[in-house]
Amino acid sequence: MPVRDALSSLLSRAVERRVREWIRDANAADDARIAELEGEIEKLKKKLSMTQGAIQASTAELMKLKGAADESRNVAQQAMQRATSALAAAESATEGVTALELHLAEHAEPEPEDTGSEPEPEPEPKGDHLCQVDGCDKPVRAKGYCARHYQQWKRGTL
Ligand SMILES: [Zn+2]
């Protein structure tokens, strides 16, 4: 039947047009969605590269700080070594001065009596050859004391 065929054909064309429109709309929607996602991806990429840049900068800063800390530690160690050898030099100089003072004291004229103040009580010698300071086992150099404790006694810091 021609009428029926014509109707059928018309209907199928209308359906086809609807389907095409629907597909086009769907594609457009997909395209928009894809573009949106691509934009998101670009944004994330940018953020990521910024984060990576920040991480690299932080790492560089950290390395610099670590280098500075190492350098400070070396400087501190060198200063410590210098201080230690200076201290050793000072101690040996003190020993030298003490020995010299003992030598002078042994050969000096007896000091005149100080009439103004009470005479300093002289420490009683232990009776042996060791320093009379408790816990000190150095040999006696003068007044029952070893060189170092004699020095301290003389200065009144014993
Ligand atoms: Zn002593």
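Where a number appears in this text, it was derived from the coordinates with a stated rule and is not lab data. Keep in mind it's a predicted model, so treat the numbers as computed, not measured. When we count neighbours, we look across all protein chains shown, and the Cβ atoms used for this are built from the backbone with ideal geometry, even at glycine.
Quick notes
- Computed helical MRE - 222 nm, the chain, DSSP H runs ≥ 4 contributing -39500 (n - 2.57), nearest 500: -27500 deg cm²/dmol
- The order of 157, 94, 51, going from fewest to most other C-beta atoms within 10 Å of their C-beta, is 157, 51, 94.
- The long axis of helix 2-107 is offset from the longest Cα principal axis of the chain by roughly 10 degrees.
- Farthest towards the positive end of the charge dipole of the chain, among the residues 139, 153, 74, is the Cα of 74, using unit charges on the Cβ of Lys, Arg, Asp and Glu.
- Here the chain is described by how far its Cα atoms reach on the three principal axes: 157, 33, 26 Å, from widest to narrowest.
- If you plug the beta carbon distance of residue 49 and residue 72 into 1/(1 + (r/R0)^6) with R0 = 22 Å, you get a FRET efficiency near 0.05.
- Each Cα pair under 8 Å and six or more residues apart adds its sequence gap; the mean of these over the residue count of the chain is a relative contact order of 11 percent.
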